[in-house]
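Worksheet: the structure to be examined is printed underneath.
Please treat every number below as a calculation from the coordinates, not as lab data. No experiment lies behind these values; they were computed from the predicted model shown. Here the Cβ is made from the backbone with ideal geometry for all residues, glycine too, and neighbour counts use every protein chain on show.
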Amino acid sequence: MTDAPRDHAHDRAEKVGVLLVNLGTPDAPTTPALRRYLAQFLSDPRVVEIPRALWWLILHGVILRLRPAQSARKYKKVWLREGSPLAVWTARQANMLRSYVGERGPLVEVRWAMRYGQPAIATALDALCAEGATRILVFPAYPQYSAATTASVIDDVADWAKRTRRVPELRFVNHYHDDPGYIEALAAQVRKHWAREGRGRKLVMSFHGMPKRTLLLGDPYHCECLKTGRLLAEKLQLEDGDWRVTFQSRFGRAEWLQPYTEPTLKAMARGGVEGVDVICPGFAADCLETLEEIAIEARAAFLSAGGKAFHYIACLNNSPEGMKAMTGVALRHLQGWDTTPMSREALQQRQARAVAHGAPEQR
Ligand SMILES: C=CC1=C(C)c2cc3[nH]c(cc4nc(cc5[nH]c(cc1n2)c(C)c5CCC(=O)O)C(CCC(=O)O)=C4C)c(C)c3C=C
Ligand SMILES: [Fe+2]
Ligand SMILES: [Fe+2]
C-alpha cells in the first residue's frame, strides 16, 4: 500500500490529471539496457500468451541471450541526441497536450509514462496524485485496442491502485481507431507528403502485427486496423487497388496477422510497382519499428526487389494535426469532469465548511 504522507488540504482545488502512456523503450541503445527492457516487456503475460514455465525457459535460455545485442544495434541507428525517439516524441506530445487541454482551464495536469521502462506508470500516477489530481484520465497512445498494449496498461494501473490508499477516480481511453479527428490527421499527413514529394503508385498502411491466434480469441485489434485503413482510404478518396493494409514486426515462429509488410512490398516491386508511400497509422509516434524496420529495412527490401521510389510518411508525432486529434480524444473523455478554475471565494467557502466540520485550518 502506498502510504506516502499526502496532506488532505481542504482549501486545495481538486485537479484532473491526464496520463499519456506509450509502450516503453530502453534507457540506452546498449545490450544491458536492452536486456532489462526486453526482460520486463516480454515477461508480461499480456504480450506472450504461452504457459509461463515454458516461456520462462525460452525467454531466459534463448531470447535474452541473443536479442538484446541484435536490438541494440538497431536502436543505435535511430537513437537521437535526447534519447530514444519513442520517449522523445511522447514527452513532446505530453507537453503540447498540457497546453492544448490546459486551455480548458488550469486544473489539468498532464504527465507521460511508459508501460515498460521509465518513467513508470506508477511513478507518474503518484506524481499526479501529489499534484492534487483526484480524477485521472489514462490515455494509452494506441489508436487500435489490443490486449498486448491497451489492456496491459490497464493491468499496470490496476496494480498501482491495489497498492494505493486513496485511489483517484479513473477513466481510460480504450481506442480511437475510427475517431474522425485521428483519421483527418492521418489524411492530412499523407496529403502534406504528396504535396512535397509527389505520389507513389500505392499507399501501404503498415500496422504492428499480433499473433493470428489473438484474432481467433476475440481481440478486436485486427478489425480496428482494417477499419482505420478503410476510413483513411475513404478520406483520401483512394480506389481499391491504390492502397493496402499490412502487418509488420513479426516476433517468434507462430503465424501473425497477414499480409506481412515486407513480403508485400517485395511482391509489389516484383509486380512492377515502382513507387510506394508507406505510413504506419497504428503508431502515435515514430520509434524503432517505424524508423528502423520500415524507413530503413523495408525500404532496402523494396528497392532490392526492383522498386524505384520508397517514401516513408512520418507518424503524427507532435504535428499540429496529430495534437489536435489527441486533444479531441482527451477532451471527449474528460467530459463531465470540471476542469475550470475554482474562484477564490468558492475555495474560501469550501475551507470554512471544512473547518466547521472539525478539519484543521489550512494556510
Ligand atoms: C502499436 C502497437 C503495438 C502492438 C500491437 C505490439 C505488439 C507486440 N509487440 C511485440 C514485440 C516487440 N515489440 C517491440 C517494439 C515495439 N512495439 C511497439 C508497439 C506495439 N507492439 C512499439 C511502439 C515498439 C517500439 C519501442 C521502441 O523502443 O521504439 C519490441 C522491441 C524491439 C525489438 O527488440 O525488436 C518487441 C520485442 C509482441 C510480441 C507483440 C504482441 C504480442
Ligand atoms: Fe511491439
Ligand atoms: Fe477482422
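Given 142, 172, 158, which one lies farthest toward the positive end of the charge dipole of region 139-210, if we put +1 on the Cβ of every Lys and Arg and -1 on the Cβ of every Asp and Glu?
The Cα lying farthest towards the positive end belongs to 142.
Evaluate the distance, in nm, between pseudo-label points positioned 7 Å from the Cα of residue 65 and of residue 80 along their respective Cα→Cβ axes.
In this crude spin-label approximation the distance works out to 3.7 nm.
Stretch residue 159-residue 14 to full length: gain in nm at 0.36 nm per residue minus the Cα-Cα span?
49.8 nm is the gain from fully extending residue 159 to residue 14.
Using Cα atoms only, what is the angle between the long axis of helix 121-130 and the major principal axis of the chain, expressed in degrees (0 to 90) to the nearest 10?
Value to nearest ten degrees: 30.
Give the long-range amide H neighbours of residue 136: residues separated by 5 or more places, or on another chain, with amide H under 5 Å away, using H modelled in the peptide plane at 1.01 Å from N.
Under 5 Å from the amide H of residue 136: 17, 169, 170, 171.
Comparing 205, 268, 114, which has the greatest mean-square fluctuation in the GNM of the chain with Cα pairs linked when under 10 Å apart?
268
Gaussian network model of the chain, Cα springs within a sub-10 Å range: biggest mean-square fluctuation belongs to which of 93, 258, 248?
With Cα springs under 10 Å in the chain, the top fluctuation among 93, 258, 248 is at 258.
Please label the shape of region 180-313 as rounded, prolate or oblate, based on the square roots a ≥ b ≥ c of the eigenvalues of the alpha-carbon gyration tensor (a/c under 1.5 means rounded; beyond that, a/b larger than b/c means prolate, else oblate).
It is oblate, given that a/c is not under 1.5 and a/b is not larger than b/c.
Calculate how steeply helix 221-235 sits against the longest principal axis of the alpha-carbon atoms of the chain, using the helix alpha-carbon long axis, and give the answer as 0 to 90 degrees to the nearest 10.
Between the helix axis and the principal axis of the chain, the angle is about 80 degrees.
What is the Cα centroid distance between region 295-322 and region 53-96, reported in whole angstrom?
With region 295-322 and region 53-96 each reduced to a Cα centre, they are spaced 20 Å.
Of all the C-alpha pairs in the chain, what % are more than 36 Å from each other?
Tail of the P(r) past 36 Å holds 27 percent of the pairs.
Given R₀ = 41 Å, what would the calculated FRET efficiency be for residue 118 paired with residue 239, taking r from the Cβ atoms and rounding to 0.05?
Rounded to the nearest 0.05, the efficiency is 0.35.
Where nothing but the Cβ of Lys and Arg (+1) and of Asp and Glu (-1) is charged, how large is the charge dipole of the chain around its Cα centre, in debye to the nearest 20?
Result for the chain is approximately 700 debye, rounded to the nearest 20.
Longer than 19 Å from Cα to Cα, which of 202/324; 74/308; 192/266; 202/235 are they? Say none if no pair is.
Flagged as over cut-off: 202/324; 74/308; 192/266.
Mind listing the phi-derived Karplus ³J(HN,Hα) values for region 276-288, rounded to whole Hz, using 6.51, -1.76 and 1.60 with θ = phi - 60°, and x for any glycine or proline?
Along region 276-288, the couplings run 10, 10, 10, 10, 10, x, x, 9, 5, 9, 5, 7, 3 Hz.
Lysines within cross-link reach of residue 162: Cα-Cα under 25 Å, excluding same-chain residues under 8 positions apart?
Leaving aside lysines fewer than 8 places away in the same chain, those within reach of residue 162 are 15.
So, in Å, what gap is there between the alpha-carbon centers of region 106-140 and region 143-198?
A separation of 15 Å, based on Cα centres.
Quick check: residue separation of residue 127 and residue 56 times 0.36 nm, minus the Cα distance between them. What number comes out in nm?
My answer for the length gained is 22.2 nm.
Could you name the aspartates and glutamates whose alpha carbon sits less than 17 Å from that of residue 227, not counting residues in the same chain fewer than 8 places away?
178, 179, 184, 219, 239, 240, 242
What is the local net charge at residue 142, summed over the other residues whose Cβ is closer than 12 Å to its Cβ (Lys, Arg +1; Asp, Glu -1)?
Combined, the nearby Lys, Arg, Asp and Glu give 0.
Could you work out how much longer the chain between residue 215 and residue 194 gets when fully extended? Use 0.36 nm per residue separation minus the Cα distance between them, nm to one decimal.
Stretched fully, the residue 215-residue 194 segment lengthens by 4.2 nm.
Please determine, in degrees from 0 to 90 and to the nearest 10, the orientation of helix 152-162 with respect to the longest principal axis defined by the Cα atoms of the chain, where the helix direction is its Cα long axis.
With both axes taken from Cα atoms, the answer is about 20 degrees.
Among 27, 179, rank each residue by its count of other Cβ atoms within 10 Å, from fewest to most, as a rough exposure measure.
Going from sparsest to densest Cβ surroundings: 27, 179.
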